[in-house]
There are 2 protein chains.
Amino acid sequence: MTEPKMELNPRSSSILEAVVHDHIATAEPVGSRTIAKKYKFGLSPATIRNIMADLEEMGYLSQPHTSAGRVPTDRAYRFYVNHLLESHHFPKVKNPVVEATLQSIHEFNELMKETSVFLSQLSNQAGIVLIPNLKKTVFKRIEFIHLTGSRVLVIFVAESGLVHKKTIELDRPISQNTLEKISNLVTEQMAGLTLQEIRKKLVKMMEEEKTQFDELLNQAVKLSQKAFENEEGESEVYVRGTLNILNQPEFASIERMKALFKAFEEKSILIQILDKCLEEDQNVKVTIGSENCIEEMEDCSLVTSTYKYGNMSVGVLGIIGPKRMDYSRVIPVVGYMAKLISNLLTNS
Amino acid sequence: MTEPKMELNPRSSSILEAVVHDHIATAEPVGSRTIAKKYKFGLSPATIRNIMADLEEMGYLSQPHTSAGRVPTDRAYRFYVNHLLESHHFPKVKNPVVEATLQSIHEFNELMKETSVFLSQLSNQAGIVLIPNLKKTVFKRIEFIHLTGSRVLVIFVAESGLVHKKTIELDRPISQNTLEKISNLVTEQMAGLTLQEIRKKLVKMMEEEKTQFDELLNQAVKLSQKAFENEEGESEVYVRGTLNILNQPEFASIERMKALFKAFEEKSILIQILDKCLEEDQNVKVTIGSENCIEEMEDCSLVTSTYKYGNMSVGVLGIIGPKRMDYSRVIPVVGYMAKLISNLLTNS
DNA sequence: GGTTAGCACTCTACGAAGCTTAGTGCTAAA
DNA sequence: TTTAGCACTAAGCTTCGTAGAGTGCTAACC
């Protein structure tokens, strides 16, 4: 579906807005009489019927059945979001409690978990946060800690405050003392680099190491290799407040619900969608219904925004709810939270 | 409700078993005709009706309405689990794929997450795992790592392999170098102790420190205090495979579902129940319906077992599903997984 | 005395019929 | 171009009747 060539004239556009607006409020198909009564266009139901018939022909509205009112299509929501919502009419969002609470959390993952909770509470939808994966990370420290036997815990600390841990298994035990030296050595070499740069550097170090044999360096390279292998893909996502969605009338049917919860349980689906948002890196992005290409979620919309560490977008946060959501309330919430988190990450 | 004084005679008992068995299989109220036909007692429906009426009087069966068949009560399930299931008839559970997969996971939390997935898959119910909290932990290393400014990452490593992290904020920055020394000092002092013992030791060290002033020791004590404060209560629980429960006919009603998912989202409810299981520390424990005292879960049963590190029970794993579940299949699964995890934790 | 056949009774589930209601499309007049 | 009017449609609700499953009770049977 492409945008229709034919422009909507102002009157049709207003009617469409009214239909979308009313449907968002009531969750019911909207009839011509309702529009005529509630919204003072000075037109009779008959006229509005004609216009609605036109809008249906153009693909903006559809009828569940012959004698029902009209329901907005995905295209209608898209038009509504792109052309009818005016950002200067958005309510200002500012919540001191949220700000204070988030400021008091020092642990990165805790911060993000709490963020997803607030997103869901402020929007009355489900809140989602995609945690930065290591690809986007500039490392600050790499720490090796001895566990049991030849098992070693690796702690990655990113400049952004993100902490990631991993366990690796060696051929033979290494003492905590040596591990400390290695930690410092590796950190010295790798601090300030991204995963990709570290990979390159590792190759280079291996070659150097061949010429000038150094036991410690040798071990350091080996450990780093184990530490950094298989570490690109891992993304994590927090979803909170899914109950909010359950309360929406459109998910009263068990089958819909199941499909949706399947998508939530299979986090990989969500990650896939959110990764796409991260790549596109828009301010606040709205993905409506089937635009997200996941069958289970064709009744849902996402409102997302990337959040930044410094100048780099490192993750995505937002909300997920039925297509029929109050975009004018939700969009500023997501924008607000993204800015808030970006500030918190960058200035701390 | 206490156990009834009056013993069930063998015939009533068999009939009760048949009713429970059939209801588990069909999810429908069970009538006298069904029992007479499917289970060859050599009795007519009328006789069975009489017996079922007796069983109802004794509180083992109930009727949804006058002309429906009978449904087992909680007491019936309890009797079934306690007296009618014979563990030597349980199917043997052994799954090489599960064993191999779990063996290959080195990270504690990953291991537990995967365990909850396997629990759900093997039982066709929702799998749950309660992670050990620090109360039950014997510490092995405590590591302080410098983050940004005066922020310090604390890594707790338990003997069991459990790794817990936390961020603390100091009055003023401390260099990584000093932190390393403090890490070693604190580890030296605290290794092998439990949280409670560490608390005691900290008080003692504070007093000592007053008499013989030592800058490093001073800092170490301060950091430890911050690290160990507010760390008792935190429990974590993994729930996987909730979709399995959605497919059970008794949760076809939206309202039931919502109640259940509310309980799942509010992890604190689950933690409360599981903590109780941990205290009681039975082998495999079955909690039926209203026995768990949580209104939202009165249609559910839990089958749980503690898992051990060495001789100490440190956590709980199990499954959660409708009361009407196949206990004879589920109980051995939980037992198997508990043993498997205990072995993995202890011998590694 | 326990067991069973028979029968009246009860309640639910299901479907058809009928009514109401919301909303449409079309036509003809303003 | 707009509007009033009207015929039409489909869904939802209610009512009613029926079929079916299952019970409890009684009386007969072994």
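Couple of notes before you dig in:
- Gaussian network model of chain A, Cα within-10 Å springs - most flexible of A:V97, A:V286, A:V163: A:V97
- Placing R0 at 56 angstrom, the Cβ-Cβ distance between A:A68 and A:S104 gives a FRET efficiency of 0.65 after rounding to 0.05.
- Among the chymotrypsin sites (Phe, Trp or Tyr not before Pro) in region B:207-306, those located in a DSSP loop and surrounded by at most 13 other Cβ atoms within 10 Å of their own Cβ are B:F213.
- Relative to the other identical copies, A:T101 shows label-point distances of 3.6 nm, where the label point lies 7 Å from Cα along the Cβ direction and values run shortest first.
- Each residue of region A:274-287 was assigned a 3J(HN,Hα) from its phi angle through the Karplus curve 6.51 cos²θ - 1.76 cosθ + 1.60 (θ = phi - 60°); the sequence is 5, 4, 4, 4, 5, 4, 5, 6, 8, 5, 10, 10, 10, 10 Hz, with glycine and proline shown as x.
- At a probe radius of 1.4 angstrom, the accessible area of the protein assembly as shown per residue rounds to 47 square angstrom.
- Student exercise, the protein assembly as shown dipole from Lys, Arg, Asp, Glu Cβ charges, in Debye to nearest 20: 780
- Chain A, relative contact order in percent, only Cα pairs under 8 angstrom and at least six apart counted: 18
- Residue of B:E17, B:E291, B:E169 that the Gaussian network model of chain B assigns the largest fluctuation, springs spanning Cα pairs under 10 Å: B:E169
- 10 Å Cβ neighbours from other chains, averaged over peptide B:160-169: 4
- Dipole of region B:10-84, positive direction: furthest Cα of B:A68, B:T47, B:S13, with charges on the beta-carbon: B:T47
- Angle in degrees between helix B:215-228 and the longest Cα principal axis of chain B, rounded to the nearest 10: 20
- 7 Å along Cα→Cβ, label-point gaps from A:H88 to other copies, nm, shortest first: 8.6
- Relative contact order of region A:10-84, defined on C-alpha pairs under 8 angstrom at six or more residues apart (%): 35
- Loop trypsin sites (Lys or Arg not before Pro), region B:108-146, which have at most 10 other Cβ atoms in a 10 Å radius of their Cβ (DSSP): none
- Only Cα sites of region A:270-348 enter the Debye sum here, all with the same form factor; the resulting log10 I(q)/I(0) across q = 0.23, 0.24 1/Å is -1.02, -1.08, listed in q order.
- Among A:G241, A:G310, A:G42, the residue with the largest mean-square fluctuation in a Gaussian network model of chain A, with springs joining Cα atoms closer than 10 Å, is A:G42.
- Test item: Cα-centred dipole of region A:135-228, Lys/Arg +1 and Asp/Glu -1 on Cβ, debye: 440
- With all protein chains in place and a 1.4 Å probe, the accessible surface of chain B carries 49 percent carbon and sulfur.
- In a simple Cβ point-charge model (Lys, Arg +1; Asp, Glu -1; nothing else charged), region B:177-224 has a dipole of about 200 debye relative to its Cα centre.
- To the nearest ten degrees, helix B:327-346 and the longest principal axis of the Cα atoms of chain B are 20 degrees apart.
- Taking the charge dipole of chain A about its Cα centre, with +1 at Lys and Arg Cβ atoms and -1 at Asp and Glu Cβ atoms, the residue from A:N184, A:V138, A:A126 reaching farthest to the positive side is A:A126.
- Modelled this way, with points 7 Å down the Cα-to-C-beta line, the labels at A:A191 and A:K258 are 5.5 nm from one another.
- Using alpha-carbon coordinates, inclination of helix B:254-265 to the longest axis of chain B, degrees: 30
The values are calculated or read from the model by the stated rules, or taken from the named source; none is laboratory data. Quantities reported herein were computed from a predicted structural model and do not represent experimental measurements. Here Cβ is always computed from backbone atoms with ideal geometry, including for glycine, and neighbour counts include all displayed protein chains. Just the protein is used for accessible areas: all its heavy atoms, side chains included, with ligands, DNA and RNA removed. Shrake-Rupley method; radii C 1.70, N 1.55, O 1.52, S 1.80 Å.
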